[in-house]
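Single-structure report; data block below.
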Amino acid sequence: MPVVLRGPRSDYGPLPGADVVASSRLNGGRAQMTHTIEIGLINNMPDAALQATERQFIELLDAAAGEFTVRMHFLSLPQVPRGDTVASHLQATYADMGELAAGRLDALIVTGTEPRAASLDQEPYWDSLTEIIDWAEHNTISTIWSCLAAHAAVLHLDGVRRHTLREKRFGVFACTPISDDPLLSGMPTPLSIPHARCNELKESELVSHGYRVLTRSSEAGVDMFVKQWRSLFVFFQGHPEYDVDSLLREYRRDIGRFLRGESESCPPIPKNYFDARSESALLAFEAGGRADRSPEMLASFPDDLVIRSELVRNWRASAIPVIRNWLFYLASRKS
């Protein structure tokens, strides 16, 4: 039985089973639109982030749904390594990837995952992911490709390879709209968007292959871009769906790996994210970790960090209009 989300501030229960319906009514008491938008979320995030990613996209779509009814279907690439607990969750609540071709979805949202191989086309899930890219091109109205999935899609479609960064692109960055594309209607200027990646796509290479960049950052580079195939493909290098504390949790994970010797490089502190006092506390912690690199150091990780609230408000205000405009696009093409 589906879980029903009503309006932008829903009080919903457990995470979804096979599908989720998100709905709200038109302003002014007008009748609810009758058509339903069918969206598949192909969630490839690692075990620790899988259920948080489910919730983040549920909440974002719910906040953006407006007059639309959105039904979400949950899938995941079977080649992504899973522990027993998450494997049981997928078995109980996710559809089998083989069912993708059997049903008619209007759209997909495809997440990335943590890279393991030196090159994307060497990842164990590469063949399955390219099959999804090809299927989406011919069978969806539009598909959103997030982070690593965006990098994989442009590599498969046009041979555009990503470039390794000298330092992780990590923080909340001001992004400027450079297009009058309808997907950007109603968005604040500038946008604040979280980014967390060790690779990038170069704007010149994307443009030379027919991609249109919609938003960019002077610090973070290309943020959002599109290309019209039979389906409209929308690409995010950032993470507009992130929770307030997602970057904090990711930084703590990364610094823990460094202290345990699992990573050779000390991760950067997220930029434009913490207040000045918190940044100072983290710099002191980082200096201590470099001087005395041991797992025990993680016990002294600062626990009173303050995230800049104005950034959080802005990135949510940036994310919701994009998804709302995307839903309008889907509905207009479906009608």
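Based on C-alpha pairs under 8 angstrom that are at least 6 apart in sequence, segment 196-262 has a relative contact order of 21 percent.
Taking only C-alpha pairs under 8 Å that are 6+ residues apart, what is the relative contact order of segment 51-205 in percent? Across segment 51-205, relative contact order equals 18 percent. Averaging 1/r over each pair of different alpha-carbon atoms in segment 228-335 and inverting the result gives 16.5 Å, the Kirkwood hydrodynamic radius. Averaging the sequence gap over all C-alpha pairs within less than 8 Å and six or more residues apart, then dividing by the number of residues, gives the chain a relative contact order of 16 percent.
Counting GluC sites (Glu not before Pro) as exposed when in a DSSP loop with at most 15 other beta carbons within 10 Å, what is the longest stretch of the chain free of them? Of all site-free stretches, the longest is 1-218. Ellipsoid semi-axes for segment 76-187, based on the Cα gyration tensor and the rule √(5λ), read 26, 21, 16 Å when sorted largest first. The residues neighbouring Leu232, those whose beta-carbon lies less than 13 Å from its own, together hold a net charge of +2 under the Lys/Arg +1, Asp/Glu -1 convention.
Diffusion coefficient (Stokes-Einstein, Kirkwood radius over C-alpha pairs, 10 °C, 1.306 mPa s) for segment 201-251: 129 µm²/s, rounded to a whole number. Over the chain, dividing the summed -39,500 (n - 2.57) contributions of all DSSP H runs of at least 4 residues by the number of residues returns a 222 nm mean residue ellipticity of -11000 deg cm²/dmol. Across segment 287-294, coupling constants 3J(HN,Hα) worked out from phi with the 6.51/-1.76/1.60 Karplus curve, θ = phi - 60°, read 4, x, x, 5, 6, 9, 6, 7 Hz, and Gly and Pro carry x. Shape summary: segment 246-300 maps onto an equivalent ellipsoid whose semi-axes, from the alpha-carbon gyration tensor, are 18, 13, 9 Å in decreasing order. Note on the chain: Cα Rg divided by 2.2 N^0.38 Å, N the number of residues, gives 0.99.
The numbers here are math on the coordinates, done by the rules we state, and not lab data. If you're wondering where the values come from, they're calculated on a predicted model, not measured in any experiment. Methodologically, a virtual Cβ is constructed for each residue, glycine included, from the backbone with ideal geometry; neighbour enumeration extends over all protein chains shown.
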